[in-house]
Every structure is written in structure tokens, then in C-alpha cells.
1. Please enumerate the residues belonging to region 98-120 that are of a type in the set (A, V, I, L, M) and not in a strand (DSSP E or B).
2. Taking region 50-74 as the search range and keeping residues that are touching an Asp or Glu at 6+ places or on another chain (Cβ under 8 Å) and part of a loop (DSSP other than H, G, I, E, B), which one is surrounded by the most Cβ atoms within 10 Å (Cβ to Cβ)?
3. Test VAL52 against the criterion of being in contact with a helix residue (DSSP H, G or I) (Cβ under 7 Å, 6 or more places away or on another chain) and either among the small types (Gly, Ala, Ser) or touching a residue at least 40 places away in the same chain (Cβ under 8 Å) (or both), and give yes or no.
4. Considering only region 56-84, how many residues are in contact with a Ser or Thr (Cβ under 6 Å, 6 or more places away or on another chain) and of a type in the set (Asp, Glu)?
Amino acid sequence: FKNEKIRIGLVVDEYGDVQGLVTLDDLLQEIVGELITDDTTVTKQSDGSYLVDATITVRELNRVMQWTLPTEGPKTLNGLIIEFMETIPEPGTSIKLHGHRLEIISQDNNTVKLVKFLPKK
């Protein structure tokens, strides 16, 4: 990355087949953890629910909430929701994502912006 002054690269296996894409940020996060932590992206509400900025990384959400959402696929909560639903959900949509009930609060420009995680019953 440093020599070529690029921030993205292809992952190639021992047979020369392309296996994926990696960014410099991905590598740094694997080595040193999340580079920016902003606990204001998760706000506990008086009813026991949590308002979550959907741009939060899945790793950061797992750390803050002590969950084990999958980290192999999408890097953000927004991406995880869209991959799970296979569409961009409308506000008011409720789903159960890997055992956690949530409601889409807002979306804009084809991305989920704000999510409410509901307390477990």
C-alpha cells in the first residue's frame, strides 16, 4: 500500500484466484482495532431500547453492546441490514437481525441512517 500509494487491494489465494478486496483501513483495524470510537453512535433510551447510528461498524457495535454479530461480511450496521433484507428498508420496518429485534427509524439516499434496537422480552 505504501509503495504504490493506494488504499485498496485485491486478495489473491495461492492459485492466483481473486478472493476479495481489502482496504488499508481494513488492515489497520485488524492490527490495532477500531481507529475511531464514538460512543455517541449508540444511545440508550429510557424504555431500554438503543438508538444506533447505522454507520457504526459491526465490530464497534459488538464491542459496545457485547454482541457477536458476524464481522466477515458487511463492515457497517447499514450494510448488514441491507444484506440481510436484500433491499433498502423503509422507516418503520421491523426485523429480527441475528437474534436482535430492531426497527428502522430513518433512511436516506439508499442507506439506513438510524436504527432502534428493542429490548429483549
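1. LEU118
2. Start the filter on region 50-74 by keeping residues that are touching an Asp or Glu at 6+ places or on another chain (Cβ under 8 Å), which leaves 57, 59-60, 63-64, 73-74.
If we keep only those that are part of a loop (DSSP other than H, G, I, E, B) too, we end up with 73-74.
On the way: GLY73: 11, PRO74: 17.
Among those that are touching an Asp or Glu at 6+ places or on another chain (Cβ under 8 Å) and part of a loop (DSSP other than H, G, I, E, B), it is PRO74.
3. Spelling it out, VAL52 is indeed in contact with a helix residue (DSSP H, G or I) (Cβ under 7 Å, 6 or more places away or on another chain) and either among the small types (Gly, Ala, Ser) or touching a residue at least 40 places away in the same chain (Cβ under 8 Å) (or both).
4. Qualifying residue count, region 56-84: 0.
Read-outs throughout are calculated quantities, based only on the coordinates presented, and are distinct from any laboratory measurement. Not measured: the values here are computed from a predicted model. FYI the Cβ positions are ideal-geometry reconstructions off the backbone, even for glycines, and counts take in every protein chain you see.
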